[in-house]
1. Quick check: pseudo-label points 7 Å beyond the Cα along Cα→Cβ at Thr303 and Arg529, how many nm apart are they?
2. Could you check the spin-label model distance between Glu337 and Lys555? Points 7 Å from the Cα along Cα→Cβ, value in nm.
3. About the Cα centre of region 8-136, how large is the charge dipole given +1 on each Lys and Arg Cβ and -1 on each Asp and Glu Cβ? Please answer in debye to the nearest 20.
4. Identify the residues of region 55-78 with backbone N under 16 Å of a label point that sits 7 angstrom from the Cα of Thr151 along the Cα-to-Cβ direction, or state none.
5. What's the Kirkwood radius of region 1-79 in Å, using all Cα pairs?
6. What value does region 394-532 have for Rg/Rh, both radii from Cα atoms and Rh as Kirkwood defines it?
7. Once you have a ≥ b ≥ c as the square roots of the Cα gyration tensor eigenvalues for region 57-97, tell me rounded if a/c is under 1.5, and otherwise prolate or oblate according to whether a/b is larger than b/c.
8. Just rank Ser563, Ser244, Ser185, fewest to most, by other beta-carbon atoms within 10 angstrom.
Amino acid sequence: MSAFENLHNRIDLTNIPFTDRGSRLLLFRQGNELALRLAERWLKWENEVGHYRKRPPIIEHFTLLDADGVPMALESDTYPHVVQFNTTVGQFEWVFIDPETILVRLPAGCYGLQFVVHSDKGETDRRGGLLHGKRNAAYTTNAVLLENTITEVGERRFQIKLMLEAQTGDALLLNITPRLAYNRSIPPPETAIAEARVRWAEWFDSTPPVLERYRVQYDYAWWVMRSGLLNTRYFFTRESLVPSKIHYVGVWHWDQFFHALAYRHIDARLAEDQLRIIFDHQRADGMLPDAIHDEGLVTHLTTPVDEDVTKPPLAAWTALKLYETSGHLDFLQEVYEPLVRWHNWWINFSSNGNGLSEYRHPFSSGLDDSPLWDYGMPVVSPDLNTYLCLQRESLARIAELIGLPEDAARYRQDADRSAQSMLNNMWDETRGCFMASHNGEPIPVMTPFSLLPMWTGRLPESVNQRLLRHLTDPAEFWTEWPLPTVAINDPAFDPQQMWRGPAWVNINYLFVDALARINRHDLSRQLRRKTLDLLMQHKDIYEYYNPLDATHPPKAAPIFGWSCAVFIDLAIQETRYVLETA
């Protein structure tokens, strides 16, 4: 079956909105009414308009009326490129023609449309009307207008009512924009729908083949990877994927690394831009921001501690993976110096004096509410020092590729020293793992990050064996749906609360890579398959999962980018393995 058939009605318009590449418009349905929400934060207006996850839609109560002005029932069919609403007067088809504009193909006949727009003022004209506010809106039609009114129905709320007589080929255009210029040019609807289908077909056709058992969820993951992109605006300097257009609107630094791993299979430039947007905002001292939003950056937070905030140092590892797929040496030339500045920032600002580095803000770990931070900050953590070891190794490889052998030798020696420092200072012989510490005292919480140093590939075999015993113990981490982010026999384990127990598949991905690196290929394949199976348990793909029963906890964000990216990359890996060993 084609991707269009596989995704027929996957966009349910209740939990999963209709949206498109680059757009900040999200079409939802509630009963027989439609609404358009904005995937925008507006932080400076939050006190006035509310938090973006709870803010009312910019267009709501969109209702289709019969000739007598009575609301009609809707039956919907959704595809990646078009949404069709069937009514007693005919079919209305919604399609994006650009990121700020939706065209509605109208059936022939007499009927009406009614909706409410959140705006400051509005005025009608002979083809529709204009509304002005924090976001400007225009509605335009080439159908004959029998009635066209804008009525104030509350503070900054205007109701539009249209009664019209439409011919075959007529349309309604909805344009919502932060600009002063509107798009009011109406293309032929059949052309707009055909062009939208072509854009989506080209996207799906570019994706590598996968085993049939993964195909439906694979197509959905690729739908998320395209529809979740936002186009450039203000601080959003590159087209980039947001973690979730519903839940997290912006770029979060380490999410971009996983997003890039998926995009590398179809579009090297798009993959590289997921890193470039982070480097675009590198601070003078080398630090990279925690997050980027249209209106600014997150580089410092005052809670729960007052510190600079960033994300784990995986940029060099990612850049090297992109190169290994694309062969684009110029990209490594471009990013090498920013990567060196980024690495130096960690060494200069996080060193604790014994050859190791520490987290000074819990959010810099990406593991925001992990119990590892319950004992206070700063924390010397195995995951951070593993990342920095890999970063040194990746910088060495990049330096070698771009003709800097002295840099390569130095970074390789630094990687060896950092692995030895972890063994000297973090290894707990009694527990058989690496322990995080605060003020020199071990933190008594067992997480998979105590096992992550195996990823360095620089540990004695006896150490790896003890780490693997923990990893594969069903009483700790080898659950039905691994890997819990706190061992299930640890008192701090909570399968519902973010980083305090649920499985995050990006962490699984790191361990799939780590196990392959230390030649535990059977275990690596097992974890890969378990992770793919976990991500196929629901129609949507979520931020994290309960490791005991594969349910998604209530606060887990839907249509989640890095989970989709991990599914894509692992499905491609598994497919290649099956074909190579057949």
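We did not get these values from a lab; they are worked out from the coordinates using the rules stated. All values reported here derive from a predicted model rather than from experimental measurement. For neighbour counting, all protein chains shown are included, and Cβ atoms are generated from backbone atoms with ideal geometry for every residue, glycine included.
1. Label-label distance for Thr303 and Arg529, simple model: 4.6 nm.
2. Between Glu337 and Lys555, the simple spin-label model gives 4.3 nm.
3. 540 debye
4. Inside the label zone: 61-66, 68-71.
5. Working: mean 1/r = 0.0693 Å⁻¹.
For region 1-79, inverting the mean 1/r across all distinct Cα pairs yields 14.4 Å.
6. My calculation puts Rg/Rh at 1.01.
7. The shape class here is oblate.
8. Exposure proxy ranking, most exposed first: Ser185, Ser244, Ser563.
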